[in-house]
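Take a look at the structure set out below.
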Amino acid sequence: MNRTITEADRRAEVNTFVRTTFGVRGTLRLHRSAFGADLLRAPVNVMLAPVLLIIRLVALLAKVLGFHRTAIWLSGRKVLLETNVSREVAALVLAFVADLKARGDGVTVPDNVLDHEVADYTGVRSAVGEITTTFLVLIAGFIVFQTATPGLVSLAGPVAEMRAHALAVEQFPLGQGLGKMYYGVFSTDIEAFQVVATGVVLAMLASVVTTFAGVIADPLQVMIGTHQRRLSRLLTRLEVDQGHSGRLAREHITARLADITDIALNLWRVLRG
């Protein structure tokens, strides 16, 4: 393909775009559109994320078995709801690709493939938001409870116990001072529904954190070069892909591994008593 700009020029263009779009000022501009409906879409996307993982795994299996049309059809399914932030990121990336193409450094894939690849690109960014939220939950667990909390399942129990303890101390008939002493020796009773209710509230809060996690994750990824590498890989794929390949980004797997680790850890704690 004839190019009017060199590979070094392309890297410079990528760096400029990434720093402008995902740097501190850029990501703050992006997340202004997150206020509103995105706060409702975020928890739905968190619930749909495992469905996306299963569909992509089936697509990969279909590709390995030689069912290429099935793999293409499955990999083209849109599972996650499009958020305002994702829509804006996609528009900026598409404009960037169109600008490169206008200067002779563009892509030749069909528009539907281009849209699919860019949607995958924004989906990976959303998965990084989930990973960021998991990391924040893990830090909170270590700081507040001195224990590993790789997810909301692990965090719900300790938070429910802390809330029940505070309420019991507050309602102690002989005063809060004696209440602290009493419940420092004797544990408070906690019902299963309290843990479930706490988990629901934490999930709602976590969805808000995930919605705005990019404010932290984007500049960090710019700093370590992750955004640059991801966009460069996207441009490379757009030059060689002629159809949906059914790839499964490692970020989606990492996000789901955190959920699996969370469930497994709590199951282990239950079995140990």
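The values are calculated or read from the model by the stated rules, or taken from the named source; none is laboratory data. For clarity, every value in this text was computed on a predicted model and none was experimentally measured. Virtual Cβ from ideal backbone geometry, glycine too; neighbours counted across all protein chains shown.
Please enumerate the residues belonging to segment 58-73 that are surrounded by fewer than 18 Cβ atoms within 10 Å (Cβ to Cβ) and assigned to a helix (DSSP H, G or I).
Residues of segment 58-73 surrounded by fewer than 18 Cβ atoms within 10 Å (Cβ to Cβ): 58, 60-61, 64-70, 73.
Within segment 58-73, Val58, Leu60, Leu61, Val64, His68, Arg69, Thr70, Trp73 meet the criteria.
Taking the stated definitions as given, is Val137 in contact with a Leu (Cβ under 8 Å, 6 or more places away or on another chain), under 26 Å from Glu7 (Cβ atoms), surrounded by 20 or more Cβ atoms within 10 Å (Cβ to Cβ) and at pLDDT 80 or above? Write out each step before concluding.
On the way: in contact with a Leu (Cβ under 8 Å, 6 or more places away or on another chain): yes; under 26 Å from Glu7 (Cβ atoms): no; surrounded by 20 or more Cβ atoms within 10 Å (Cβ to Cβ): yes; at pLDDT 80 or above: yes.
Judged against the criteria, Val137 is not a match.
Just to be sure I understand, how many residues within segment 58-88 are β-branched (Val, Ile, Thr) and under 19 Å from the mean Cα position of the chain (by Cα)?
Step one: filter segment 58-88 for residues β-branched (Val, Ile, Thr), giving 58, 64, 70, 72, 79, 83, 85.
So of that shortlist, the ones also under 19 Å from the mean Cα position of the chain (by Cα) come out as 79, 83, 85.
Qualifying residue count for the region: 3.
Only one of Thr149, Thr198 is surrounded by 15 or more Cβ atoms within 10 Å (Cβ to Cβ), among the β-branched types (Val, Ile, Thr) and assigned to a helix (DSSP H, G or I); which? Give the steps one after another, and end with the answer.
Details: Thr149 fails: assigned to a helix (DSSP H, G or I).
Just one listed residue meets the conditions, Thr198.
Testing Arg163 on (1) over 24 Å from Leu205 (Cβ atoms); (2) part of a helix (DSSP H, G or I); (3) at pLDDT 75 or above, one condition comes back false. Which one is that?
Result: Arg163 fails condition (1) only.
Suppose we filter Lys101, Lys63 for residues that are farther than 21 Å from Thr254 by Cα, among the basic types (Lys, Arg) and at pLDDT below 80; which single one remains? Walk me through how you get there before you give the answer.
On the way: Lys101 fails: at pLDDT below 80.
Selected residue: Lys63, the only one of Lys101, Lys63 that is farther than 21 Å from Thr254 by Cα, among the basic types (Lys, Arg) and at pLDDT below 80.
Mind listing just one residue for me: the one in segment 43-57 that is farther than 20 Å from Val200 by Cα and surrounded by 15 or more Cβ atoms within 10 Å (Cβ to Cβ) and, of those, modelled with the lowest pLDDT?
Once the filter is applied, the top-ranked residue is Leu53.
What's the number of the condition Met204 fails, among (1) under 30 Å from Ser154 (Cβ atoms); (2) at pLDDT 90 or above?
The single condition Met204 does not satisfy is (2).
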